[in-house]
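J.: Before I ask anything, here is the structure I am working with.
The values are calculated or read from the model by the stated rules, or taken from the named source; none is laboratory data. Because the structure is predicted, anything quoted here is derived from the model rather than measured. A quick note on method: Cβ atoms are made from the backbone with ideal geometry, for glycine too, and the neighbour counts reach across all protein chains shown.
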Amino acid sequence: MDHLQRTIDILGDLIAYPTISADSNFDMIQHMAGLLEDAGARCEVISSPCGTKANLFATLGPDRNGGILLSGHSDVVPVADQAWTRDPFAMDAEDGLLYGRGTCDMKGFIAATLAMAPHFADRIGDKPLHFSFTYDEEVGCLGARHLADTLKERGMTPGVAIIGEPTMMRIIDGHKGCNEYTTRFNGLAGHGSLPDHGVNAVEYAVRYVNHLLGLKDALRSRAPDNSPFDPPWTTVNVGALVGGVAHNVIAPSAQVDWEMRPVQPGDAEFVKESLQHYCETELLPKMRDVHPGAYITTDVIGEVVGLIPTDENEARRIVSELTGANRCDVVAFGTEAGLFQAMGTDVVVCGPGSIEQAHKADEFIAVDQLSQCLGMLDRLGARLNG
(Lines give C-alpha, C1' and ligand atoms only; values in the text may rest on other atoms or scores of the structure.)
Protein backbone atom coordinates (compact mmCIF):
# COMPACT_ATOMS: atom_id res chain seq x y z
CA MET A 1 0.00 0.00 0.00
CA ASP A 2 1.39 3.43 -0.90
CA HIS A 3 1.97 6.07 1.75
CA LEU A 4 -0.93 8.26 0.62
CA GLN A 5 -3.55 5.54 0.84
CA ARG A 6 -2.11 4.40 4.16
CA THR A 7 -2.37 7.98 5.45
CA ILE A 8 -5.99 8.29 4.32
CA ASP A 9 -6.89 4.99 5.99
CA ILE A 10 -5.23 6.02 9.26
CA LEU A 11 -6.88 9.44 9.11
CA GLY A 12 -10.27 7.80 8.79
CA ASP A 13 -9.56 5.79 11.92
CA LEU A 14 -8.42 8.87 13.84
CA ILE A 15 -11.46 10.91 12.85
CA ALA A 16 -13.68 8.18 14.28
CA TYR A 17 -12.31 8.98 17.75
CA PRO A 18 -14.39 11.96 19.01
CA THR A 19 -11.51 13.52 20.93
CA ILE A 20 -13.25 16.79 21.81
CA SER A 21 -11.20 18.54 24.48
CA ALA A 22 -13.87 18.01 27.12
CA ASP A 23 -13.63 14.23 26.67
CA SER A 24 -10.93 11.59 27.03
CA ASN A 25 -8.40 10.93 24.27
CA PHE A 26 -7.15 7.63 25.74
CA ASP A 27 -8.57 5.36 23.03
CA MET A 28 -6.95 7.35 20.24
CA ILE A 29 -3.65 7.55 22.12
CA GLN A 30 -3.61 3.77 22.58
CA HIS A 31 -4.42 3.26 18.89
CA MET A 32 -1.54 5.50 17.81
CA ALA A 33 0.84 3.87 20.26
CA GLY A 34 0.02 0.51 18.72
CA LEU A 35 0.87 1.76 15.22
CA LEU A 36 4.16 3.23 16.39
CA GLU A 37 5.10 0.13 18.37
CA ASP A 38 4.43 -1.96 15.25
CA ALA A 39 6.99 0.24 13.49
CA GLY A 40 9.54 -0.43 16.23
CA ALA A 41 9.17 2.78 18.25
CA ARG A 42 9.52 2.93 22.01
CA CYS A 43 6.26 4.44 23.27
CA GLU A 44 5.28 6.04 26.54
CA VAL A 45 1.74 7.04 27.42
CA ILE A 46 1.95 9.88 29.95
CA SER A 47 -1.32 10.39 31.83
CA SER A 48 -2.61 13.87 32.57
CA PRO A 49 -2.81 15.01 36.22
CA CYS A 50 -6.58 14.45 36.15
CA GLY A 51 -6.04 10.91 34.87
CA THR A 52 -8.59 11.09 32.05
CA LYS A 53 -6.28 12.08 29.20
CA ALA A 54 -2.75 11.42 28.06
CA ASN A 55 0.19 12.48 25.95
CA LEU A 56 1.99 10.00 23.74
CA PHE A 57 5.77 10.33 23.38
CA ALA A 58 7.56 7.85 21.13
CA THR A 59 11.08 7.46 19.77
CA LEU A 60 12.76 5.69 16.89
CA GLY A 61 16.51 5.33 17.08
CA PRO A 62 18.96 5.83 19.94
CA ASP A 63 17.97 6.99 23.41
CA ARG A 64 19.89 10.26 23.44
CA ASN A 65 19.44 14.00 23.43
CA GLY A 66 18.76 15.99 20.27
CA GLY A 67 17.16 14.60 17.16
CA ILE A 68 13.96 15.64 15.42
CA LEU A 69 10.48 15.87 16.94
CA LEU A 70 7.25 15.59 14.93
CA SER A 71 4.40 16.94 17.01
CA GLY A 72 0.64 17.34 16.90
CA HIS A 73 -2.35 17.59 19.22
CA SER A 74 -4.94 14.87 19.48
CA ASP A 75 -7.89 16.97 20.65
CA VAL A 76 -10.46 18.73 18.48
CA VAL A 77 -13.00 21.49 19.05
CA PRO A 78 -16.70 20.73 19.62
CA VAL A 79 -19.22 20.25 16.82
CA ALA A 80 -22.28 21.32 18.82
CA ASP A 81 -24.35 24.13 17.26
CA GLN A 82 -22.50 23.85 13.96
CA ALA A 83 -24.38 23.17 10.72
CA TRP A 84 -22.60 19.98 9.63
CA THR A 85 -24.00 18.35 6.49
CA ARG A 86 -22.31 15.01 7.25
CA ASP A 87 -21.26 12.99 10.27
CA PRO A 88 -18.28 14.88 11.71
CA PHE A 89 -16.77 11.69 13.15
CA ALA A 90 -17.03 9.52 10.04
CA MET A 91 -14.54 10.72 7.43
CA ASP A 92 -16.15 11.39 4.06
CA ALA A 93 -14.29 11.77 0.76
CA GLU A 94 -15.58 13.92 -2.07
CA ASP A 95 -13.86 15.61 -5.04
CA GLY A 96 -10.36 15.28 -3.60
CA LEU A 97 -11.37 16.55 -0.16
CA LEU A 98 -11.57 14.58 3.09
CA TYR A 99 -14.27 15.82 5.48
CA GLY A 100 -14.46 15.33 9.23
CA ARG A 101 -13.73 17.04 12.52
CA GLY A 102 -9.98 17.27 12.89
CA THR A 103 -9.05 16.43 9.30
CA CYS A 104 -6.96 19.57 8.97
CA ASP A 105 -6.65 20.53 12.66
CA MET A 106 -4.64 18.42 12.99
CA LYS A 107 -5.16 14.73 12.55
CA GLY A 108 -4.11 14.92 8.89
CA PHE A 109 -0.51 15.65 9.88
CA ILE A 110 -0.61 13.04 12.63
CA ALA A 111 -1.89 10.40 10.19
CA ALA A 112 0.91 11.22 7.76
CA THR A 113 3.59 10.79 10.43
CA LEU A 114 2.07 7.49 11.55
CA ALA A 115 1.91 6.21 7.98
CA MET A 116 5.57 7.10 7.48
CA ALA A 117 6.78 5.54 10.74
CA PRO A 118 7.88 2.22 9.14
CA HIS A 119 9.70 4.22 6.44
CA PHE A 120 11.49 6.22 9.14
CA ALA A 121 12.35 3.05 11.09
CA ASP A 122 14.08 1.55 8.06
CA ARG A 123 16.26 4.63 7.67
CA ILE A 124 16.97 5.78 11.21
CA GLY A 125 20.61 6.56 11.94
CA ASP A 126 22.48 7.73 15.00
CA LYS A 127 20.03 10.52 15.88
CA PRO A 128 16.57 9.91 17.32
CA LEU A 129 13.27 10.72 15.70
CA HIS A 130 10.55 11.55 18.22
CA PHE A 131 6.77 11.72 17.97
CA SER A 132 4.65 13.69 20.43
CA PHE A 133 0.87 13.69 20.37
CA THR A 134 -0.69 15.82 23.09
CA TYR A 135 -4.00 16.49 24.82
CA ASP A 136 -5.91 19.75 25.36
CA GLU A 137 -4.16 22.02 22.89
CA GLU A 138 -7.48 23.66 22.05
CA VAL A 139 -8.06 24.76 25.64
CA GLY A 140 -4.65 26.20 26.49
CA CYS A 141 -1.91 23.81 25.32
CA LEU A 142 -2.18 21.96 28.61
CA GLY A 143 -0.82 18.66 27.30
CA ALA A 144 2.20 20.20 25.60
CA ARG A 145 3.02 22.13 28.76
CA HIS A 146 2.85 18.86 30.72
CA LEU A 147 5.02 17.11 28.13
CA ALA A 148 7.60 19.91 28.05
CA ASP A 149 7.89 19.76 31.84
CA THR A 150 8.29 15.98 31.69
CA LEU A 151 11.05 16.19 29.10
CA LYS A 152 12.87 18.93 31.01
CA GLU A 153 12.80 16.83 34.18
CA ARG A 154 14.48 14.04 32.23
CA GLY A 155 17.06 16.35 30.68
CA MET A 156 15.78 15.55 27.19
CA THR A 157 15.73 18.33 24.61
CA PRO A 158 14.97 17.61 20.94
CA GLY A 159 17.22 19.57 18.63
CA VAL A 160 14.52 20.37 16.08
CA ALA A 161 10.73 20.28 16.21
CA ILE A 162 8.17 20.42 13.41
CA ILE A 163 4.66 21.29 14.64
CA GLY A 164 2.23 20.12 11.98
CA GLU A 165 -0.56 22.70 12.36
CA PRO A 166 -2.38 23.53 9.10
CA THR A 167 -0.27 26.10 7.23
CA MET A 168 -0.81 24.92 3.62
CA MET A 169 2.75 23.57 4.00
CA ARG A 170 4.13 27.08 4.42
CA ILE A 171 6.96 27.43 6.94
CA ILE A 172 5.93 29.48 9.96
CA ASP A 173 8.61 30.63 12.39
CA GLY A 174 6.62 33.06 14.53
CA HIS A 175 3.26 33.66 16.14
CA LYS A 176 1.90 35.68 19.04
CA GLY A 177 1.06 34.18 22.38
CA CYS A 178 -2.57 33.73 23.42
CA ASN A 179 -3.52 34.29 27.06
CA GLU A 180 -7.15 33.78 28.14
CA TYR A 181 -8.63 34.76 31.49
CA THR A 182 -11.93 34.90 33.37
CA THR A 183 -12.20 37.62 36.02
CA ARG A 184 -15.02 37.30 38.57
CA PHE A 185 -16.50 40.05 40.76
CA ASN A 186 -18.42 39.30 43.95
CA GLY A 187 -20.34 42.22 45.46
CA LEU A 188 -23.44 42.61 47.60
CA ALA A 189 -27.03 42.42 46.39
CA GLY A 190 -29.63 44.99 47.38
CA HIS A 191 -32.59 47.01 46.18
CA GLY A 192 -31.87 49.10 43.12
CA SER A 193 -33.34 52.18 44.82
CA LEU A 194 -30.59 52.07 47.49
CA PRO A 195 -27.36 51.77 45.47
CA ASP A 196 -25.11 52.83 48.35
CA HIS A 197 -26.33 49.89 50.45
CA GLY A 198 -24.90 47.30 48.06
CA VAL A 199 -21.86 46.60 45.91
CA ASN A 200 -22.78 46.44 42.24
CA ALA A 201 -20.47 43.82 40.75
CA VAL A 202 -21.45 44.76 37.20
CA GLU A 203 -20.40 48.38 37.75
CA TYR A 204 -17.01 47.29 39.06
CA ALA A 205 -16.63 44.86 36.16
CA VAL A 206 -17.29 47.75 33.76
CA ARG A 207 -14.59 49.83 35.47
CA TYR A 208 -12.22 46.87 35.16
CA VAL A 209 -12.98 46.56 31.45
CA ASN A 210 -12.45 50.30 30.95
CA HIS A 211 -9.04 50.02 32.59
CA LEU A 212 -8.20 46.99 30.46
CA LEU A 213 -9.18 48.78 27.27
CA GLY A 214 -7.21 51.81 28.41
CA LEU A 215 -4.08 49.67 28.24
CA LYS A 216 -4.48 49.33 24.48
CA ASP A 217 -2.72 52.61 23.68
CA ALA A 218 0.11 51.74 26.05
CA LEU A 219 0.53 48.37 24.32
CA ARG A 220 0.69 50.05 20.93
CA SER A 221 3.59 52.16 22.14
CA ARG A 222 5.39 49.02 23.37
CA ALA A 223 5.45 47.37 19.94
CA PRO A 224 8.97 46.07 19.19
CA ASP A 225 10.85 47.67 16.34
CA ASN A 226 10.33 45.77 13.08
CA SER A 227 7.68 43.50 14.62
CA PRO A 228 6.58 41.03 11.92
CA PHE A 229 3.06 40.65 13.30
CA ASP A 230 -0.20 42.22 12.18
CA PRO A 231 -0.91 44.29 14.17
CA PRO A 232 2.66 44.65 15.45
CA TRP A 233 1.66 45.19 19.08
CA THR A 234 0.04 43.09 21.79
CA THR A 235 -3.74 43.11 21.45
CA VAL A 236 -6.50 42.88 24.07
CA ASN A 237 -10.04 41.61 23.50
CA VAL A 238 -13.03 41.47 25.85
CA GLY A 239 -15.07 38.46 24.81
CA ALA A 240 -17.94 38.66 27.30
CA LEU A 241 -19.27 40.58 30.29
CA VAL A 242 -22.15 38.95 32.14
CA GLY A 243 -23.77 39.55 35.51
CA GLY A 244 -26.77 40.67 37.50
CA VAL A 245 -30.19 39.15 38.08
CA ALA A 246 -32.87 41.80 37.38
CA HIS A 247 -33.46 45.45 36.48
CA ASN A 248 -34.11 46.53 40.06
CA VAL A 249 -31.53 44.42 41.92
CA ILE A 250 -27.99 45.54 42.70
CA ALA A 251 -25.89 42.99 40.83
CA PRO A 252 -24.16 40.67 43.34
CA SER A 253 -21.86 39.04 40.80
CA ALA A 254 -20.32 39.57 37.37
CA GLN A 255 -17.82 37.90 35.08
CA VAL A 256 -15.48 39.21 32.38
CA ASP A 257 -13.95 36.86 29.81
CA TRP A 258 -10.96 38.43 28.10
CA GLU A 259 -7.77 37.64 26.26
CA MET A 260 -4.51 39.19 25.15
CA ARG A 261 -2.10 38.11 22.44
CA PRO A 262 1.41 39.14 23.48
CA VAL A 263 4.12 39.81 20.94
CA GLN A 264 6.68 39.63 23.75
CA PRO A 265 6.53 38.08 27.25
CA GLY A 266 7.02 41.41 29.03
CA ASP A 267 3.73 42.72 27.69
CA ALA A 268 1.76 40.01 29.47
CA GLU A 269 3.38 40.92 32.79
CA PHE A 270 2.76 44.62 32.11
CA VAL A 271 -0.98 44.02 31.63
CA LYS A 272 -1.38 41.67 34.59
CA GLU A 273 0.56 43.88 36.98
CA SER A 274 -1.41 46.97 35.92
CA LEU A 275 -4.73 45.18 36.46
CA GLN A 276 -3.65 43.78 39.82
CA HIS A 277 -2.55 47.22 41.01
CA TYR A 278 -5.82 48.77 39.82
CA CYS A 279 -7.88 46.15 41.66
CA GLU A 280 -5.88 46.38 44.88
CA THR A 281 -5.70 50.18 45.07
CA GLU A 282 -8.91 51.33 43.39
CA LEU A 283 -11.64 48.74 43.07
CA LEU A 284 -11.35 46.47 46.10
CA PRO A 285 -11.03 49.26 48.73
CA LYS A 286 -14.24 50.86 47.46
CA MET A 287 -16.06 47.52 47.31
CA ARG A 288 -14.95 46.54 50.81
CA ASP A 289 -15.89 49.88 52.33
CA VAL A 290 -19.47 48.65 51.87
CA HIS A 291 -19.02 44.89 52.05
CA PRO A 292 -15.80 43.45 53.58
CA GLY A 293 -16.51 40.10 51.92
CA ALA A 294 -16.34 41.52 48.38
CA TYR A 295 -13.63 40.07 46.16
CA ILE A 296 -12.20 39.92 42.65
CA THR A 297 -10.55 36.76 41.33
CA THR A 298 -8.98 35.91 37.98
CA ASP A 299 -8.76 32.38 36.62
CA VAL A 300 -6.13 31.55 34.01
CA ILE A 301 -7.91 29.65 31.26
CA GLY A 302 -4.73 29.25 29.23
CA GLU A 303 -1.43 30.99 28.62
CA VAL A 304 -0.03 29.89 25.28
CA VAL A 305 3.58 30.92 24.77
CA GLY A 306 4.36 32.74 21.53
CA LEU A 307 6.86 31.53 18.95
CA ILE A 308 9.56 34.15 18.56
CA PRO A 309 11.34 34.39 15.18
CA THR A 310 15.10 34.03 15.55
CA ASP A 311 18.02 34.71 13.22
CA GLU A 312 19.38 31.18 13.64
CA ASN A 313 16.87 28.34 13.42
CA GLU A 314 17.99 24.84 12.43
CA ALA A 315 14.38 23.68 12.06
CA ARG A 316 13.73 26.45 9.54
CA ARG A 317 16.82 25.48 7.56
CA ILE A 318 15.94 21.78 7.50
CA VAL A 319 12.29 22.26 6.54
CA SER A 320 13.27 24.77 3.86
CA GLU A 321 15.47 22.09 2.33
CA LEU A 322 12.73 19.46 2.64
CA THR A 323 9.99 21.60 1.08
CA GLY A 324 11.99 23.76 -1.29
CA ALA A 325 10.45 26.88 0.24
CA ASN A 326 12.75 29.88 0.45
CA ARG A 327 10.69 32.10 2.76
CA CYS A 328 8.99 32.01 6.14
CA ASP A 329 5.89 33.70 7.49
CA VAL A 330 4.25 34.50 10.81
CA VAL A 331 0.62 33.74 11.68
CA ALA A 332 -2.05 35.10 14.01
CA PHE A 333 -3.14 31.79 15.54
CA GLY A 334 -1.37 30.14 18.46
CA THR A 335 0.29 26.72 18.62
CA GLU A 336 2.32 24.56 20.99
CA ALA A 337 5.54 25.64 19.26
CA GLY A 338 6.56 28.26 21.82
CA LEU A 339 6.59 25.69 24.62
CA PHE A 340 9.18 23.62 22.77
CA GLN A 341 11.15 26.74 21.84
CA ALA A 342 11.31 27.65 25.53
CA MET A 343 13.03 24.28 26.14
CA GLY A 344 15.84 25.28 23.79
CA THR A 345 14.52 23.43 20.72
CA ASP A 346 14.57 25.06 17.28
CA VAL A 347 10.98 25.05 16.03
CA VAL A 348 8.86 25.73 12.98
CA VAL A 349 5.18 25.19 12.28
CA CYS A 350 4.48 23.45 8.97
CA GLY A 351 1.64 21.13 8.10
CA PRO A 352 -1.07 20.23 5.59
CA GLY A 353 -4.43 21.92 5.28
CA SER A 354 -5.69 25.45 5.78
CA ILE A 355 -6.45 27.15 9.06
CA GLU A 356 -9.43 28.64 7.20
CA GLN A 357 -11.14 25.24 7.49
CA ALA A 358 -10.30 24.65 11.15
CA HIS A 359 -13.06 24.83 13.79
CA LYS A 360 -15.79 25.12 11.14
CA ALA A 361 -18.66 22.88 10.11
CA ASP A 362 -17.68 20.45 7.32
CA GLU A 363 -13.99 20.83 8.14
CA PHE A 364 -11.84 19.28 5.41
CA ILE A 365 -8.33 18.70 4.14
CA ALA A 366 -7.34 18.34 0.50
CA VAL A 367 -5.72 15.06 -0.50
CA ASP A 368 -3.17 17.12 -2.41
CA GLN A 369 -2.10 18.72 0.86
CA LEU A 370 -1.52 15.31 2.41
CA SER A 371 0.57 14.39 -0.64
CA GLN A 372 2.74 17.47 -0.18
CA CYS A 373 3.19 16.66 3.50
CA LEU A 374 4.16 13.08 2.68
CA GLY A 375 6.70 14.42 0.21
CA MET A 376 8.31 16.46 2.98
CA LEU A 377 8.30 13.48 5.34
CA ASP A 378 9.70 11.15 2.67
CA ARG A 379 12.62 13.52 2.14
CA LEU A 380 13.04 13.71 5.91
CA GLY A 381 13.31 9.91 6.00
CA ALA A 382 15.99 9.97 3.32
CA ARG A 383 18.22 12.19 5.45
CA LEU A 384 17.75 10.44 8.80
CA ASN A 385 20.83 8.32 8.22
CA GLY A 386 23.07 11.34 7.79
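J.: Please verify whether the range 304-325 includes one or more residues that are crowded, with 16+ Cβ neighbours inside 10 Å, modelled with pLDDT of 95 or more and basic (Lys, Arg).
T.: Yes.
J.: In this structure, is residue 101 surrounded by fewer than 19 Cβ atoms within 10 Å (Cβ to Cβ), assigned to a loop (DSSP other than H, G, I, E, B), of a type outside the set (Ser, Thr, Tyr) and not assigned by TED's automatic domain parsing to the domain that holds residue 273?
T.: On the way: surrounded by fewer than 19 Cβ atoms within 10 Å (Cβ to Cβ): no; assigned to a loop (DSSP other than H, G, I, E, B): yes; of a type outside the set (Ser, Thr, Tyr): yes; not assigned by TED's automatic domain parsing to the domain that holds residue 273: yes.
No.
J.: Quick test for you: out of 374, 380, pick the one residue that is touching a strand residue (DSSP E or B) at 6+ places or on another chain (Cβ under 9 Å) and surrounded by 17 or more Cβ atoms within 10 Å (Cβ to Cβ).
T.: Working: 374 fails: touching a strand residue (DSSP E or B) at 6+ places or on another chain (Cβ under 9 Å).
It is 380.
J.: List the number of the failed condition for residue 338; all other conditions in (1) outside the structural domain of residue 208 (by TED's automatic domain parsing); (2) free of Cβ contacts under 8 Å to residues at least 40 places away in the same chain; (3) part of a helix (DSSP H, G or I) hold.
T.: Failing condition for residue 338: (2).
J.: Look through 219, 241 and report the one residue that is free of Cβ contacts under 8 Å to residues at least 60 places away in the same chain and assigned to a helix (DSSP H, G or I).
T.: On the way: 241 fails: assigned to a helix (DSSP H, G or I).
Selected residue: 219, the only one of 219, 241 that is free of Cβ contacts under 8 Å to residues at least 60 places away in the same chain and assigned to a helix (DSSP H, G or I).
J.: Something else: Return the total of residues in the range 117-141 being of a type in the set (A, V, I, L, M) and either crowded, with 23+ Cβ neighbours inside 10 Å or touching a Pro at 6+ places or on another chain (Cβ under 6 Å) (or both).
T.: Initially, the range 117-141 is screened for residues of a type in the set (A, V, I, L, M), giving 117, 121, 124, 129, 139.
Next, only the ones that are either crowded, with 23+ Cβ neighbours inside 10 Å or touching a Pro at 6+ places or on another chain (Cβ under 6 Å) (or both) stay: 117, 129.
Qualifying residue count for the region: 2.
J.: Quick test for you: out of 170, 184, pick the one residue that is at pLDDT 95 or above, within 24 Å of residue 241 (Cα to Cα), among the basic types (Lys, Arg) and not in a helix (DSSP H, G or I). It would help to see each step written out before you state the result.
T.: On the way: 170 fails: within 24 Å of residue 241 (Cα to Cα).
Being at pLDDT 95 or above, within 24 Å of residue 241 (Cα to Cα), among the basic types (Lys, Arg) and not in a helix (DSSP H, G or I) holds for just one of 170, 184, which is 184.
J.: Scan (1) crowded, with 23+ Cβ neighbours inside 10 Å; (2) of a type outside the set (Lys, Arg); (3) in contact with a Pro (Cβ under 6 Å, 6 or more places away or on another chain) for the single condition residue 189 breaks and write down its number.
T.: Going through the list (1) crowded, with 23+ Cβ neighbours inside 10 Å; (2) of a type outside the set (Lys, Arg); (3) in contact with a Pro (Cβ under 6 Å, 6 or more places away or on another chain), residue 189 breaks only (1).
J.: Let me ask you something else. Does residue 72 meet the test of being part of a loop (DSSP other than H, G, I, E, B), within 16 Å of residue 120 (Cβ to Cβ) and in contact (Cβ under 8 Å) with a residue 60 or more places away in the chain?
T.: Numbers: part of a loop (DSSP other than H, G, I, E, B): no; within 16 Å of residue 120 (Cβ to Cβ): yes; in contact (Cβ under 8 Å) with a residue 60 or more places away in the chain: yes.
Against the criterion (part of a loop (DSSP other than H, G, I, E, B), within 16 Å of residue 120 (Cβ to Cβ) and in contact (Cβ under 8 Å) with a residue 60 or more places away in the chain), residue 72 does not qualify.
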